[in-house]
Amino acid sequence: MECRTLNVDGLSREKVRERILQTWIEEDPGVGQYRYDVENCSDGSKIYLLRPGRLNKGCDFIVVSENFLKFKNGNDKPPKHHDVFMLIASFVHGNKNMAKSFHGAAQDVYHCLKPDDGMGKISCFKNRAGLQS
């Protein structure tokens, strides 16, 4: 597996997509699998993309958060949408103000702001391992 860093800091959503696709176009199809580190978490772990994904349709990838979930063999396991939803629900736990704050932080990340900037606005998420980049 070839490991690379993919930095898209400060780019618009359109430019992020362009940078990612251009990077994938430049891959050597004979390499097998690529790992792209995309975020450094406050606990020292990384969030990374694995390519190609299981569907192998050209632009598929798997998102993995180091040390979040593990397979029985100890390898990192990509979270399912349900895993992420349950983690968020465990922090929000019916608090409408917290849910609204989290939604705002998620919108910030969607609009390509750094995760620390969005999550830093939510007091219960500050200094929580695995929740900040």
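Just so it is clear, none of the values below were taken in a lab; they were calculated from the coordinates. The structure presented is a predicted model; accordingly, all values stated were derived computationally and were not measured. Virtual Cβ from ideal backbone geometry, glycine too; neighbours counted across all protein chains shown.
Could you tell me whether region 37-54 includes any residue that is touching an Asp or Glu at 6+ places or on another chain (Cβ under 6 Å), acidic (Asp, Glu) and part of a strand (DSSP E or B)?
No, the conditions are met nowhere in region 37-54.
Can you report the number of residues in region 64-99 which are surrounded by 10 or more Cβ atoms within 10 Å (Cβ to Cβ), not hydrophobic (A, V, I, L, M, F, W, C) and not in a loop (DSSP other than H, G, I, E, B)?
Summing the residues that are surrounded by 10 or more Cβ atoms within 10 Å (Cβ to Cβ), not hydrophobic (A, V, I, L, M, F, W, C) and not in a loop (DSSP other than H, G, I, E, B) in region 64-99 gives 4.
Looking at this structure, is LEU50 surrounded by fewer than 17 Cβ atoms within 10 Å (Cβ to Cβ) and out of contact with any Cys (no Cβ under 7 Å at 6 or more places or on another chain)?
no
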